[in-house]
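Here's the structure we're looking at; comments come further down.
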Amino acid sequence: MKNLSGKVVALTGAASGIGRCLAIQLSGLGCHLALADVDEKGLQETITMLASTTKVSSHIVDVADKDRVYVWADEVVAEHGHVDVVINNAGVVSSARLDEISYEDFDWVFNIVFYGVLYSTKAFLPYLKQRQEANIVNISSVNGFFPFPKNGPYNAAKHAVKALNQTLIQELRHTSVRVTSVHPGGIKTNIVRNARFAQGEDDKRVLVKEFDKIAGTSPEKAARIIIGGLQKNRKRQLVGKDAVVFDLLVRLFPQGFSDLVGKIFELKEKEKEK
Ligand SMILES: NC(=O)c1ccc[n+]([C@@H]2O[C@H](COP(=O)([O-])OP(=O)(O)OC[C@H]3O[C@@H](n4cnc5c(N)ncnc54)[C@H](O)[C@@H]3O)[C@@H](O)[C@H]2O)c1
């Protein structure tokens, strides 16, 4: 979708990080916005950062609540008349090994990261198909093609989002709806600060520090790359140099690279125990 001016964009996870930057940049390009999040205060802060000419509606939506997501889609069309683009961006992460994570925490991640994307995609699709040109942008991750230890539910959910995106691309070939599967590497946002940790606050402090050090891409830059992918109707969009490097390593050494990451993780865990 080359020209975004005047288009209606529905966006989840708009209260923070990549979602907030997407809202600001889309507003700058002349889009009308329907912003959703569970964080009402953050959502209001995002709205104060938009161009004054932007027509914006704000919606408190838990993307894991199927009925609420369907009501949201109807609200968007009632308020804006139609919808041209849906960006499914809301997400959460946990840090725990599969043998220690509770089913409650597993489901928390999976329901938001995978089912949130599925519900919203299915709820908006009938409206999108009515447009001459429409786009779905679903945010997966590098974890959508390469799993990291202590990220089990996130790895599984992001792989599932990638599979959903590829299925949509196959099934929507002869419709007006284009689909972009987005795979960011480390982006400096609040995602780890908002994570659930099986091993408590100390583990969290260490990981937040580590993540802030290694996350090489700003959310502003990530949003620019994602919007670029949308404008070029890209089927797949990597975000960040680290994502490009991971993509290459996974292709060259599918098992060897995974084993190496597993070994490094094990060594780091042993060091922590000392
Ligand atoms: N930050 C990274 O390194 C990174 C890397 C790869 C992929 N991603 C993905 O990018 C997306 C955005 O994450 P971010 O890094 O900006 O994180 P963030 O924590 O800054 O923002 C996530 C937003 O999602 C919202 N949210 C959480 N649960 C929700 C729910 N149930 N319903 C509605 N909204 C909900 C939060 O309130 C928050 O505003 C996520 O899908 C994440 O998995 C992030």
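The values are calculated or read from the model by the stated rules, or taken from the named source; none is laboratory data. All values reported here derive from a predicted model rather than from experimental measurement. Methodologically, a virtual Cβ is constructed for each residue, glycine included, from the backbone with ideal geometry; neighbour enumeration extends over all protein chains shown. With ligands, DNA and RNA removed, areas are computed over all heavy atoms of the protein, side chains included. Shrake-Rupley method; radii C 1.70, N 1.55, O 1.52, S 1.80 Å.
A quick yes/no check of all residues on (1) within 13 Å of the ligand (Cβ to nearest atom); (2) out of contact with any Asp or Glu (no Cβ under 6 Å at 6 or more places or on another chain):
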{"site": "Pro149", "(1), (2)": "no, yes"}
{"site": "Tyr154", "(1), (2)": "yes, yes"}
{"site": "Gln166", "(1), (2)": "no, yes"}
{"site": "Leu172", "(1), (2)": "no, yes"}
{"site": "Ser176", "(1), (2)": "no, no"}
{"site": "Ile187", "(1), (2)": "yes, yes"}
{"site": "Ile191", "(1), (2)": "yes, yes"}
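Selection of the stretch 212-224 for residues being surrounded by 18 or more Cβ atoms within 10 Å (Cβ to Cβ) and of a type outside the set (Gly, Ala, Ser) yields Thr217, Pro219.
Cβ-Cβ distances below 7 Å connect the following pairs, each with a first residue in the stretch 92-115 that is part of a helix (DSSP H, G or I), a second residue that is more than 10 Å from the ligand (Cβ to nearest atom) and not basic (Lys, Arg), and a separation of six or more residues or different chains: Asp105/Ser94; Asp105/Ala96; Phe106/Pro153; Val109/Ser94; Val109/Pro153; Phe110/Pro153; Phe110/Ala156; Phe114/Ala160. Being open to solvent by 20 Å² or more (accessible area, probe 1.4 Å), under 29 Å from Lys162 (Cβ atoms) and of a type outside the set (A, V, I, L, M) holds for only one residue in Glu75, Glu45, Glu40, and it is Glu75.
Among the criteria (1) part of a helix (DSSP H, G or I); (2) open to solvent by less than 40 Å² (accessible area, probe 1.4 Å), the one Tyr70 does not fulfil is (2).
Within the stretch 191-204, residues that are farther than 15 Å from Phe106 by Cα reach partners that are assigned to a loop (DSSP other than H, G, I, E, B) and open to solvent by 80 Å² or more (accessible area, probe 1.4 Å) with beta carbons closer than 9 Å, at six or more positions or on different chains, in the pairs Lys204/Arg193.
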